[in-house]
Amino acid sequence: MAKLAINGGPKEKKSPWPEWPIYDDREKQKLIEVLNSRNWGTLGPKVLEFEEKFSTFINVSHAQTVSNGTTALEIVLRALNIGYGDEVIVPPYTFMATITAVLIVNATPIFVDIDPNTNCIDAEKIEAAITPRTKAIIPVHISGTPSNMDRIMKIAEAYDLYVIEDASQAHGSEWEGKKLGSIGTVGTFSFQLSKNMTSGEGGIITTNNKELADACWSIHHVGRRRDDEWYRHYRLSTNARMTEWQAAILLVQLERLNSQIEKREKNAEKLDKLLNLIDGIETFKMDSRVTRHTRHLYMFRFKNKFFKNISKKRFIEALNAEGIPCGYGYIELNKQPIFKNTKIKQILTQDINYYSLKLPETERACRETVWIPQNVLLGEEKDIEIIAKAVLKIQNNCNEL
């Protein structure tokens, strides 16, 4: 008789996990306020209120809402005058938007391998990738895990480079007591549906540089300038404005963020202890300089030799069948089909064969890393224990796979 759920055995987790997104009557009330105001567009009072509250939360002087996290990166690159002939250092283990934003402005993405301890860009390998054309570094705080911002900022200062923090998964994470998105030249966040704060879509740019903030405001608002005539446009720009509907929801999402982070951190610590008892499962060790981790994803490494050499794909299928939501994660960005596009080669500053790049830690991460979504960490302690039981159950019954 089968023991694993994937083969018809009993599921380890039968009850549902906390649903996502989470909302209550507070979001409903805010949306009704927008409805009744008939101010359904952009640049309204709720947008301005959210920008002010989020800038206070991140501890920066300026925050500019935009339509999504991808446009946030594109707008920042344009505001920094990064374009054709320039190079931007990026990690290869991230969402596609990190590099498409660079390509959209006709700049060249230069990949630097990741740190196996974090799956974030390896700060110790950045310097070797810098050329006279390098203009910026985009550290991506994957899963809410901070990149090594001390080292990155020292390198940026030495070479006069911009640091664009892609904090799309890091709402509330801290490095040495400083919120991510406040340490570099500028930070970008996403409010896409899966994010720890969500309005379905949306994004925001954070900075302490007023000139940069004004440029981002102009670019997101069809080239206008603050306090100038409505039909006077100064830049080749776009329309990437956030609506009152999104801001209304985000005002409440921000209110509950701290308590959710506390619960995720507590449950992640519990899960670390449980999974560390299982041969072939490796958890990620926390750098002592990480003072808060928002845990957008719970990541762990799966070593298949301890599971009778079943594939990661098969392991994930079995874990999902046990009622534990988990995913495969990214594939190497340098192996995306976009780099076969001949038009891409026309804008590159170097003759780069992205497919042939040797990025061993990224390849390892794609081969071994398993993701558990953040809403799972909003469960109760008994739910967290079930995750470890399910992993151990699969290991003990690998012969069924």
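No lab work stands behind these numbers, since they all come straight from the coordinates. Nothing here was measured: the structure is a model prediction, and the numbers come from that model. With ideal geometry, Cβ positions are generated from the backbone for all residues, glycine too; neighbour counts draw on all protein chains shown.
Shape class of the range 314-384 from the Cα gyration tensor (axes a ≥ b ≥ c, square roots of the eigenvalues): prolate, since a/c reaches 1.5 or more and a/b is larger than b/c. Helical content alone sets the calculated 222 nm signal of the chain at -11000 deg cm²/dmol, taking -39,500 (n - 2.57) per DSSP H segment of four or more residues and averaging over every residue. Peptides 166-175, 388-397 ranked from most to least packed by the mean count of surrounding Cβ atoms within 10 Å: 166-175, 388-397.
The packing ranking, built from the mean of other Cβ atoms within 10 Å per residue, places the peptides 290-300, 265-275 in the order 290-300, 265-275, highest first.
Gain on full extension, evaluated as 0.36 nm per residue between residue 37 and residue 234 minus their Cα-Cα distance, stands at 67.8 nm. Taking the Cα of residue 328, stepping 7 Å toward and past its beta carbon, and measuring to each backbone N in the range 77-99: which are under 19 Å? Taking a point 7 Å out along Cα→Cβ of residue 328, the residues of the range 77-99 whose backbone N falls under 19 Å are 92-97.
Got a sec? Charge dipole of the range 257-400, +1 on Cβ for Lys and Arg, -1 for Asp and Glu; which of 300, 349, 394 is way out at the positive end? Farthest along the dipole direction, towards plus: 349.
Full extension of the chain between residue 24 and residue 306 gives 97.1 nm of extra length, using 0.36 nm per residue less the Cα-Cα distance. First measure r as the distance between the Cβ atoms of residue 52 and residue 346, then evaluate 1/(1 + (r/R0)^6) with R0 = 41 Å and state the FRET efficiency to the nearest 0.05. Calculated value: 0.45.
What shape does the chain take by its C-alpha gyration tensor, where a ≥ b ≥ c are the square roots of the eigenvalues and a/c under 1.5 counts as rounded, a/b above b/c as prolate, and the rest as oblate? Oblate is the answer for the chain, as a/c is 1.5 or above yet b/c matches or exceeds a/b.
Look at 25, 287, 113 and count the other Cβ atoms within 10 Å of each Cβ; fewest to most, that gives 25, 287, 113. Computed packing ranks the peptides 239-250, 77-88 as 239-250, 77-88, most packed first, by mean other Cβ atoms within 10 Å.
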